[in-house]
There are 2 protein chains.
Amino acid sequence: MAAYDHPDPATFELILVLRALADPARLDIVRHLGRVGEANCATLIGTRPKSSMSHHFQVLRESGVLRTRIEGVQHRNSLRFEELDARFPGLMTAILNAA
Amino acid sequence: MAAYDHPDPATFELILVLRALADPARLDIVRHLGRVGEANCATLIGTRPKSSMSHHFQVLRESGVLRTRIEGVQHRNSLRFEELDARFPGLMTAILNAA
DNA sequence: TGCTTTGTTCGAGTTTTGTCGAACAATATG
DNA sequence: CATATTGTTCGACAAAACTCGAACAAAGCA
């Protein structure tokens, strides 16, 4: 498996980040990653099928919200917190702290 | 025209707020209101038809992002900044400050 | 090599969301 | 009252997004 493309922080777009966050499954993923730091896809799948989750990871990745590191057969995801915070200060903090 | 219903801050939902913000037209409206404080609908209409804008105002209103005050024939809109900030600290500030 | 694990890609179907003209409602003003 | 102004509602259509099974791909291991 080739490594994923991740957008450069300079090209992050607020509207894409907001769209990525504006879905229950993805917001769950983001919050989970906010707590545990890094997790592979399987860990983050609840009852949803793999193909749905793969789609959500793609949306989050392409908007810049998370990065996916490949290690063997597992894909390890983590928030791009510092980069997001540099570009949109306070945004992710607000999301992660929201009730 | 009867006054609008505005949701109570206790019932604000992050996912609805994010969905409301995750649209170019609505993000424009929000940012404009962030600058000018209050504006009627006509002021905020660019090239889009009234019916489209009316829809966007409804989405923003129902999510709690803005309030609409009726004065004569005009509908004056303003952000519910304090209430949003109390419920989701830092969120609107981050949105309004974003590049 | 064959099997298992982990996750992607494809394609089709469903649902949600946005768009916008036309008709309508409320208020003000001549 | 007639007309203009401001904005909503309705309905139909278009576009975007989510869902998910099935087939596929890569890596590791027996």
Open item on the list: 7 Å from Cα along Cα→Cβ at both B:Tyr4 and B:His55: what's the point-to-point distance in nm?
Closed with: 1.6 nm
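Of all the Cα-Cα pairs you can form in the protein assembly as shown, what percent are over 20 Å apart? Please list the in-between numbers first.
On the way: 11274 of 19503 pairs.
More than 20 Å apart: 58 percent of the Cα pairs in the protein assembly as shown.
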Open item on the list: I'd like the interface area for chains B and A: accessible area of each alone minus the complex, both sides summed, 1.4 Å probe, protein heavy atoms only. What is it in Å² to the nearest 100?
Closed with: 1400 Å²
Task: Relative intensity, log₁₀ I(q)/I(0), of region B:1-49 from a Debye sum that treats every alpha carbon as a point, q = 0.15, 0.17, 0.19 Å⁻¹ - done: -0.54, -0.69, -0.85
Open item on the list: Taking B:Ser51 in one copy and the same position in all the others, each labelled 7 Å out along Cα→Cβ, what are the pairwise distances from the first, in nm, shortest first?
Closed with: 3.7
Open item on the list: Ordered shortest first, which distances in nm separate the 7 Å Cα→C-beta label point of A:Pro89 from those of the other copies?
Closed with: 1.8
TODO: Please turn the phi angles of region A:22-27 into ³J(HN,Hα) values with the Karplus equation 6.51 cos²θ - 1.76 cosθ + 1.60 (θ = phi - 60°), one per residue in order, whole Hz, x for glycine and proline.
DONE: 7, 9, x, 5, 6, 5
Task: Value of [θ]222 nm, deg cm²/dmol, for chain A, DSSP H segments ≥ 4, -39500 (n - 2.57) each, nearest 500 - done: -15000 deg cm²/dmol
TODO: Express in whole angstrom the spacing between the alpha-carbon centres of region A:13-76 and region B:1-41.
DONE: 27 Å
Open item on the list: Name the residue from B:Phe81, B:Ser52, A:Gly72 whose Cα lies farthest towards the positive end of the charge dipole of the protein assembly as shown, charges +1 on Cβ of Lys and Arg and -1 on Cβ of Asp and Glu.
Closed with: B:Ser52
- [ ] List the distances, in nm to one decimal, from the label point of A:Thr11 to the label points of the same position in every other copy, shortest first, placing each label point 7 Å from Cα along the Cα-to-Cβ direction.
- [x] 4.3
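Of all the accessible heavy-atom surface of the protein assembly as shown, with the other protein chains kept in place and a 1.4 Å probe, what percent is carbon and sulfur?
Working: 5140 of 10160 Å².
The value for the protein assembly as shown is 51 percent carbon and sulfur by accessible area.
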- [ ] State in Å² the accessible area per residue of region B:24-97; use a 1.4 Å probe, count heavy atoms of protein chains only, and round to the nearest integer.
- [x] 50 Å²
Open item on the list: If I histogram all Cα-Cα distances within region A:24-97 using bins 5 Å wide from 0, what percent of pairs lands in each bin?
Closed with: 3, 16, 29, 27, 15, 7, 2
Open item on the list: Charges at C-beta only: +1 for Lys and Arg, -1 for Asp and Glu. How large is the resulting dipole of chain A about its Cα centre, in Debye rounded to 20?
Closed with: 320 debye
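The values are calculated or read from the model by the stated rules, or taken from the named source; none is laboratory data. All figures in this text were calculated on a predicted structure; none of them were measured in a lab. Because the Cβ atoms are built from the backbone with ideal geometry, glycine has one as well, and the counts that use them run over all protein chains shown. Accessible surface is based on the protein model in full, side chains and every heavy atom, while ligands, DNA and RNA are left aside. Shrake-Rupley method; radii C 1.70, N 1.55, O 1.52, S 1.80 Å.
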